[in-house]
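The values are calculated or read from the model by the stated rules, or taken from the named source; none is laboratory data. Just so we're clear, the structure is a prediction, and the values are computed from it rather than from any experiment. Note that each Cβ is placed from the backbone with ideal geometry, even for glycine, and that neighbours are counted across all protein chains shown. Surface areas here come from the heavy atoms of the whole protein model, side chains and all, with no ligands, DNA or RNA. Shrake-Rupley method; radii C 1.70, N 1.55, O 1.52, S 1.80 Å.
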Amino acid sequence: MKNPLRSEAEAFQFLLGSVVYFALIVIAAVINPWAGLAVFIVLSAVVLWWWFRARRVEAPRQTAPARRGDADEHRILVIANETVGGGALREQIERRGEGQRSRVLVVSPALNSPLRHWASDEDPARAQARKRLDTSLERLRRSGIEADGEVGDAEPLQAIEDAVRTFGPDEIIISTHPEGRSHWLEKGVVTGARERFAVPITHVVVD
């Protein structure tokens, strides 16, 4: 079953909201049972209204990246974090760039916990992403692939959008763990990218 909560931040907000929701009902019920019932009805109505309103969002329109680079240059945008050093990803990059002049940009979103994100403590997450990224870039360059890299936004789709705007890729490769272990697949990152960006998108599974 697909998780209706689309990010860790949403899950944390849902947990916090649930605690407040039940606490208010219990407090009102202790004061007066009828007050508890009234609070339950009002809060439930508010929650249902918010839930349906939040999900009634128009599907994003596909956008085509503005062309960047030379006319004969094939630009490949790679999005990966923990799987950035995987052999399957490296082979896919080599295959997609074979027989043509290619330029590769590898973006690693700085994945962080909601608590650290809200506390603006992103340095450890960015440092870890940078370390994995540098190792991957070194391997790609040893294979003769011209590749640059950068640490992106913690939200993968936002990281893709930022890179699409500045890099102007001809295609995108998204690397994830297998289904069941991948938070990105659970959050619908690959599906969301295909709905949003009008370029070929390849999904690579790295175990």
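Summed over qualifying helices (DSSP H, 4 residues or more, each -39500 (n - 2.57)) and divided by its residue number, the chain shows a 222 nm mean residue ellipticity of -16500 deg cm²/dmol.
Is the chain best put as rounded, prolate or oblate by its Cα gyration tensor, with a ≥ b ≥ c the root eigenvalues, rounded for a/c under 1.5, and otherwise prolate when a/b is larger than b/c, oblate when not? Prolate shape, in that a/c is at least 1.5 and a/b is the bigger ratio. Local charge for Gly69 was computed over the other residues whose Cβ lies under 10 Å away, with Lys and Arg +1 and Asp and Glu -1, and equals +1.
Hydrophobic long helices, here whole DSSP H runs in the chain with Kyte-Doolittle means of at least 0.5 and Cα atoms spread over 27 Å or more along the helix axis, are found at 8-31, 33-55. Between the beta carbons of Leu24 and Ala127, assuming R0 = 41 Å, the FRET efficiency works out to 0.50 to the nearest 0.05.
Just check region 150-190 against the gyration tensor rule for me: Cα atoms, a ≥ b ≥ c as the square roots of the eigenvalues, rounded for a/c under 1.5, and otherwise prolate or oblate depending on whether a/b exceeds b/c. Taking the square roots of the gyration eigenvalues as a ≥ b ≥ c, region 150-190 is prolate.
Note on Glu155: accessible area is roughly 80 Å² with a 1.4 Å probe, heavy atoms of protein only. Within the listed set Arg67, Arg95, Arg196, the Gaussian network model of the chain (springs between alpha-carbon atoms below 10 Å) gives the highest mean-square fluctuation for Arg95.
Residues Ile76, Ile201, sorted by accessible area with the largest first, give Ile201, Ile76 [1.4 Å probe; ligands and nucleic acids excluded].
If you plug the beta carbon distance of Leu15 and Thr191 into 1/(1 + (r/R0)^6) with R0 = 25 Å, you get a FRET efficiency near 0.50. Between Val106 and residues 5 or more places away or on another chain, which pairs have amide H atoms under 5 Å apart, with H built 1.01 Å from N, and which residues are they? Under 5 Å from the amide H of Val106: Val78, Asp148, Gly149, Glu150.
Amide H contacts for Val204 (H built 1.01 Å from N in the peptide plane; partners 5 or more residues away or on another chain; cut-off under 5 Å): Ile174, Ser175, Thr176.
What shape does region 119-164 take by its C-alpha gyration tensor, where a ≥ b ≥ c are the square roots of the eigenvalues and a/c under 1.5 counts as rounded, a/b above b/c as prolate, and the rest as oblate? Because a/c hits 1.5 or more and a/b fails to exceed b/c, region 119-164 counts as oblate.
Computed over protein heavy atoms with a 1.4 angstrom probe, the accessible surface ordering of His183, His177, largest first, is His183, His177. These residues, Lys131, Lys187, go from largest to smallest accessible area, 1.4 Å probe, as Lys131, Lys187. Of all DSSP beta bridges confined to the chain, the antiparallel ones make up roughly 0%.
Ordering Pro65, Val106, Val26 by Cα displacement along the dipole of the chain toward the positive end leaves Val26 in first place; charges were set at the Cβ atoms of Lys, Arg (+1) and Asp, Glu (-1). Amide hydrogen proximity for Glu171: with H placed 1.01 Å from N in the peptide plane, the residues at 5 or more positions away or on another chain lying under 5 Å are Arg75, Leu77.
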